[in-house]
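The values are calculated or read from the model by the stated rules, or taken from the named source; none is laboratory data. None of these values were measured; they are calculated from a predicted model. When we count neighbours, we look across all protein chains shown, and the Cβ atoms used for this are built from the backbone with ideal geometry, even at glycine.
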Amino acid sequence: MQARLFPQVHPEVKTLEYAGLCLQARQVGGDYFDFLDLGQHRLGLVIGDVSGKGIAAALLLANLQANLRSQCALALTEPERLLRSVNHLFYENTDDSAYASLFFADYDDESRRIRYANCGHLSGILLRCDNSFCRLSSTATLVGLFDDWDCRFEETELVPGDLLALYTDGITEALNDSEEEFGEEMLVQRLREYRNQPCQSSVEAITNEVRALSPGNQQDDITLIIARSRTNP
């Protein structure tokens, strides 16, 4: 049932190739990613991590996904209102200890511009076509902890060849046998290495490498979205 919460359809966009994958540590988990058709040639890229583990986290995830999908039309004209409403509903419908980190991005297929709000989530990585990178850092606090809550959207442009990566801490905090983390630096290195591969292949290669660090003992959900601005749409 939880597998059905992940994207079943990839909305079509001409200027962006994208893929996502979640490898759960248990039968159910608390990582969330989604691709939303926002209308008017706009695509929503969403990733989040809800508090807790197992069935409790899965129920929170379902609540968060339902709130976002049912109201995502607001993203076109009132994105801040959308996330305020999502926060309010999450706050009202969960207990005091429940919360989620959330990264919500709205991609314009015509202008190649992306608006995003990072609500207490790990920084997105924007790998530029010259292999330099920048972080899309937090613009708001975690979702669901406070009813009196607001967020700020930032905006940037993707030029052909730019690569965007959104991920959860199951990627960067994965440990090998020597208790060394995979880390952001290694993730950036792998993004550079695979940047010319299809996004689906890159996502699978990186998540499988992370899972292989501790075979049979995966401690956290591993979730990754990669999107690349097409050179020839």
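So which of LEU43, LEU38 ends up being within 17 Å of LEU166 (Cβ to Cβ) and either over 15 Å from the mean Cα position of the chain (by Cα) or polar (S, T, N, Q) (or both)?
Values: LEU43 fails: either over 15 Å from the mean Cα position of the chain (by Cα) or polar (S, T, N, Q) (or both).
Just a single option satisfies the conditions, and that option is LEU38.
Would you point out the residue of segment 204-233, among those that are polar (S, T, N, Q) and farther than 13 Å from LEU187 by Cβ, that is surrounded by the fewest Cβ atoms within 10 Å (Cβ to Cβ)?
Looking at the filtered set, the residue picked out is ASN232.
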All but one of (1) surrounded by fewer than 22 Cβ atoms within 10 Å (Cβ to Cβ); (2) under 22 Å from LEU16 (Cα atoms) hold for LYS53, so report the exception by its number.
(2)
Which of the residues spanning segment 63-78 are touching a strand residue (DSSP E or B) at 6+ places or on another chain (Cβ under 9 Å) and surrounded by fewer than 16 Cβ atoms within 10 Å (Cβ to Cβ)?
ARG69, ALA73, LEU76
Considering residues that are loosely packed, with under 15 Cβ neighbours inside 10 Å, closer than 25 Å to ASN118 by Cβ and among the charged types (D, E, K, R), the number found within segment 174-192 is 2
Go through (1) of a type in the set (Val, Ile, Thr); (2) surrounded by 15 or more Cβ atoms within 10 Å (Cβ to Cβ); (3) more than 26 Å from ALA165 (Cβ to Cβ) one by one and return the number of the condition VAL143 breaks.
(3)
Please name all residue pairs, on different chains or six or more residues apart, with Cβ atoms under 9 Å, provided the first residue is in segment 185-197 and is in contact (Cβ under 8 Å) with a residue 24 or more places away in the chain and more than 12 Å from THR172 (Cα to Cα) and the second residue is part of a helix (DSSP H, G or I) and not polar (S, T, N, Q).
LEU191/ILE206
Conditions first: (1) in a strand (DSSP E or B); (2) at pLDDT below 85. LEU36 passes all but one, so which condition is the exception?
(2)
Residue list for segment 39-77, filter: part of a helix (DSSP H, G or I), over 16 Å from SER101 (Cα atoms) and either hydroxyl-bearing (Ser, Thr, Tyr) or touching a residue at least 40 places away in the same chain (Cβ under 8 Å) (or both)
SER70
By my count, strands (runs of 3 or more DSSP E) wholly in segment 125-230 with at least 1 residues that are charged (D, E, K, R) are 133-136, 154-157, 222-229
Give the residues of segment 19-33 that are of a type outside the set (A, V, I, L, M, F, W, C) and either surrounded by fewer than 20 Cβ atoms within 10 Å (Cβ to Cβ) or assigned to a loop (DSSP other than H, G, I, E, B) (or both), sorted by residue number.
GLN24, ARG26, GLN27, GLY29, GLY30
Matching entry among GLY183, GLY161 (being over 29 Å from LEU89 (Cβ atoms) and out of contact with any helix residue (DSSP H, G or I) (no Cβ under 8 Å at 6 or more places or on another chain))
GLY161
Restricting to segment 122-162, give me the number of residues that are closer than 17 Å to LEU43 by Cα and hydroxyl-bearing (Ser, Thr, Tyr).
1
GLU154: more than 22 Å from ASP34 (Cβ to Cβ) and not aromatic (Phe, Trp, Tyr), yes or no?
no
Which of the residues spanning segment 85-114 are under 17 Å from GLU154 (Cβ atoms) and either in contact with a Pro (Cβ under 9 Å, 6 or more places away or on another chain) or outside any loop (DSSP other than H, G, I, E, B) (or both)?
SER101, LEU102, PHE103, PHE104, ALA105, ASP106, TYR107, ASP108, ARG112, ARG113, ILE114
